[in-house]
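Heads up: the structure comes next, in structure tokens.
The values are calculated or read from the model by the stated rules, or taken from the named source; none is laboratory data. Keep in mind the model is a prediction, meaning the values are calculated, not measured. Here the Cβ is made from the backbone with ideal geometry for all residues, glycine too, and neighbour counts use every protein chain on show. We work out accessible area using only protein heavy atoms, side chains counted, and drop any ligands, DNA or RNA first. Shrake-Rupley method; radii C 1.70, N 1.55, O 1.52, S 1.80 Å.
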Amino acid sequence: MKKFLMAAAGGTIAGVIATTQIAAPLLAQEAAKTENVYEQLDLFGDIFERIRAQYVEEVDSGALIEAAIDGMLTSLDPHSSYLSPKDAEKMREQTRGEFGGLGIEVTQEDGFVKVVSPIDGTPADEAGIEAGDFITHVNGESLLGLVLDEAVELMRGPVGSEIVVTVVREGEQEPFDVSIIRDTIELTVVRSRTEGDSVVLRLSTFNDQTYPKMAEQLAEKVEAAGGMENINGFVIDLRNNPGGLLTQAIKVSDAFLNEGEIVSTRGREAADGDRFNATIGDLAEGKPIVVLINGGSASASEIVAGALQDHRRAIVIGTKSFGKGSVQTVMPLRSEGAMRLTTARYYTPSGRSIQSLGVSPDIIVAQPSRVEDADEEEAASSRFTRSEADLRGSLNNDSLTEDEIEQIMQDREKAEAAAELRIEDYQLAYAIDILKGLSALGPQE
């Protein structure tokens, strides 16, 4: 018993010594880190006071502190930033669907402003700005060295005023200037149309209006076609859609899924993660879906494309998407300002992160340049073609009724209309051809 007590006491003493030897250095390290933080804050205070007292011109203290805060946030990643009260209000306007400006979603790369995508029907879109363009100058003033918010501020101005941006574009040997007239941007978040037996849903952004407008227009197009039995499938066009609200991306994905995970988010701590699952109900009633993406499809667009692709609910075609796989949380601050902070990464149902990689299409289809398309069409139309019916004395087809011949002619007209669409929008025409092919195969048993 005595030996046992001695052993137990020895174990206790050893445990205390081990705990002390491990815990003490950790506590010392933590104390050193805290002390270093306070030293850095003291350094900030010293610099702030010297600027106020000795800078060549009198400075606004509030502006200095805002600049310091913004610099701290923008040093983290391209999507974290400080929003002044004015900027915070503009952001709220944008999520509601109406705001002033040029109509482009931008990020920063290599010190310059890079266009993620122009927004449909906006001044930038109509002026020919394209996804992937770099804006290097605004009205002759270089953007190099400016943080993103400062560069964006240079592009703002009164509605109706002119701005000249200098653009560097891949494939162009020299930079070129583009003149744009600023306007109030009223987003048409969803446009829809029927091409043959296919319904095309064009989503230009993800704000509060996206899901309800999409559901409304989908129902209208199906009703106009005489019911779902007359629809061969749907094209969801997400090209040049810069993203927006995560909640809307989840709702749009859920609209075409009956079950399974839509997206998951993972933060710094395991407890910060979240998963979002689909609920029963498919607006397309199981009809085939093709999703169109390109290099201007980002964020929420990539969530939708990735979810439908992983669940094999849609065929994704086009070109690789932008690759923004992070989640930003907007946190209100004092004086009506806000902080946009990257708080998580998101993952598609299969567990893949698209950060910097983008969503890869199932079928890669590039959009040919319009000049080349026009040349090809001109060459095709100039070629003389003949068929059996053109031959003198050819036999008539007397095995078909007039109604059957009429149906053949209608089908031919539809095919010719689809061929004309290839000149206007080759990627969309390709998507509709896929739906036609799937429809021709009939239902799978």
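Do you know which residues across segment 55-93 are under 18 Å from residue 105 (Cβ atoms) and without any contact (Cβ under 8 Å) to a residue 60 or more places away in the chain?
First, pick out the residues of segment 55-93 that are under 18 Å from residue 105 (Cβ atoms): 74, 77-81, 83, 87-88, 90-93.
Answer for segment 55-93, where residues must be under 18 Å from residue 105 (Cβ atoms) and without any contact (Cβ under 8 Å) to a residue 60 or more places away in the chain: 90, 92, 93.
Condition first: closer than 22 Å to residue 70 by Cβ and aliphatic (A, V, I, L, M). Now tell me which residues in segment 134-160 satisfy that.
If the condition is that a residue be closer than 22 Å to residue 70 by Cβ and aliphatic (A, V, I, L, M), then 135, 138, 143, 144, 146, 147, 148, 151, 152, 154, 155 are the ones that fit.
Please work out which one of (1) modelled with pLDDT under 90; (2) outside any strand (DSSP E or B) is the condition residue 184 fails and give its number.
Residue 184 satisfies all of (1) modelled with pLDDT under 90; (2) outside any strand (DSSP E or B) except (2).
Out of all the residues in segment 187-213, which are of a type outside the set (S, T, N, Q), in a strand (DSSP E or B) and without any contact (Cβ under 8 Å) to a residue 60 or more places away in the chain? Spell out how you get there, then give the answer.
Step one: filter segment 187-213 for residues of a type outside the set (S, T, N, Q), giving 187, 189-191, 193, 195-197, 199-203, 206, 208, 211-213.
Checking which are in a strand (DSSP E or B) leaves us with 190-191, 193, 195, 199-203, 206.
Hits for segment 187-213 are 190, 193, 199, 201.
Could you please find all residues in segment 143-163 being part of a strand (DSSP E or B) and open to solvent by 50 Å² or more (accessible area, probe 1.4 Å)?
Going residue by residue through segment 143-163, those that are part of a strand (DSSP E or B) are 162-163.
Selection gives 162 alone.
What number of residues within segment 193-202 are crowded, with 18+ Cβ neighbours inside 10 Å and of a type in the set (Lys, Arg)?
Count: 1.
Answer yes or no: is there a residue in segment 290-309 that is loosely packed, with under 15 Cβ neighbours inside 10 Å, out of contact with any helix residue (DSSP H, G or I) (no Cβ under 6 Å at 6 or more places or on another chain) and farther than 18 Å from residue 245 by Cβ. Let's see the steps before the verdict.
At the first step, the residues of segment 290-309 found to be loosely packed, with under 15 Cβ neighbours inside 10 Å are none.
No, segment 290-309 contains no residue that is loosely packed, with under 15 Cβ neighbours inside 10 Å, out of contact with any helix residue (DSSP H, G or I) (no Cβ under 6 Å at 6 or more places or on another chain) and farther than 18 Å from residue 245 by Cβ.
Enumerate the pairs (first residue in segment 322-347 and more than 20 Å from residue 70 (Cβ to Cβ) and without any contact (Cβ under 8 Å) to a residue 60 or more places away in the chain; second residue anywhere and surrounded by fewer than 15 Cβ atoms within 10 Å (Cβ to Cβ) and of a type outside the set (Lys, Arg)) with beta-carbon separation below 9 Å, excluding pairs fewer than 6 apart on the same chain, so at least 6 apart or on different chains.
Hits for this filter: 323/355; 323/356; 323/357; 325/355; 325/356; 325/357.
Within segment 317-344, track down each residue that is surrounded by fewer than 17 Cβ atoms within 10 Å (Cβ to Cβ) and not polar (S, T, N, Q).
Those that are surrounded by fewer than 17 Cβ atoms within 10 Å (Cβ to Cβ) and not polar (S, T, N, Q): 320, 330, 331, 332, 333, 334, 336.
Can you tell me which residues in segment 312-358 are at pLDDT 90 or above and of a type in the set (A, V, I, L, M)?
314, 315, 316, 317, 331, 338, 339, 341, 344
Residue by residue, here is whether (1) over 24 Å from residue 245 (Cβ atoms); (2) at pLDDT 95 or above; (3) open to solvent by 50 Å² or more (accessible area, probe 1.4 Å) holds:
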position: 191; (1), (2), (3): no, no, yes
position: 204; (1), (2), (3): no, no, no
position: 209; (1), (2), (3): no, no, yes
position: 214; (1), (2), (3): no, yes, no
position: 222; (1), (2), (3): yes, yes, no
position: 225; (1), (2), (3): yes, yes, no
position: 233; (1), (2), (3): yes, yes, no
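Restricting the search to segment 116-159, which residues are farther than 22 Å from residue 83 by Cα, of a type in the set (Ser, Thr, Tyr) and in contact (Cβ under 8 Å) with a residue 60 or more places away in the chain?
Selection gives 122 alone.
Please find, among 272, 237, the residue that is at pLDDT below 95 and of a type in the set (Asp, Glu). Step through it out loud before you land on a result.
Working: 237 fails: at pLDDT below 95.
Matching residue, one of 272, 237: 272.
Name the pairs whose Cβ atoms lie under 6 Å apart, with the first residue in segment 235-247 and free of Cβ contacts under 8 Å to residues at least 40 places away in the same chain, the second aliphatic (A, V, I, L, M) and open to solvent by 40 Å² or more (accessible area, probe 1.4 Å), and 6 or more positions between them or separate chains?
No pair meets every condition.
When you look at residue 82, is it modelled with pLDDT of 85 or more, in contact with an Asp or Glu (Cβ under 7 Å, 6 or more places away or on another chain) and among the hydroxyl-bearing types (Ser, Thr, Tyr), yes or no? Step through it out loud before you land on a result.
Details: modelled with pLDDT of 85 or more: yes; in contact with an Asp or Glu (Cβ under 7 Å, 6 or more places away or on another chain): yes; among the hydroxyl-bearing types (Ser, Thr, Tyr): yes.
Yes; evaluated as a whole, the condition is true for this residue.
Do you know which residues across segment 100-120 are over 17 Å from the mean Cα position of the chain (by Cα) and open to solvent by 30 Å² or more (accessible area, probe 1.4 Å)? So that I can check it myself, show each step before the final result.
So in segment 100-120, the residues over 17 Å from the mean Cα position of the chain (by Cα) come out as 100-102, 110-112.
Scanning segment 100-120 gives 100, 110, 112.
From 132, 100, grab the single residue that is of a type outside the set (Val, Ile, Thr), under 30 Å from residue 211 (Cβ atoms) and modelled with pLDDT under 80.
So the residue among 132, 100 that is of a type outside the set (Val, Ile, Thr), under 30 Å from residue 211 (Cβ atoms) and modelled with pLDDT under 80 is 100.
If we scan segment 291-302, do we find a residue that is farther than 16 Å from residue 210 by Cβ and more than 14 Å from the chain's Cα centre (by Cα)?
No, because not a single residue in segment 291-302 is farther than 16 Å from residue 210 by Cβ and more than 14 Å from the chain's Cα centre (by Cα).
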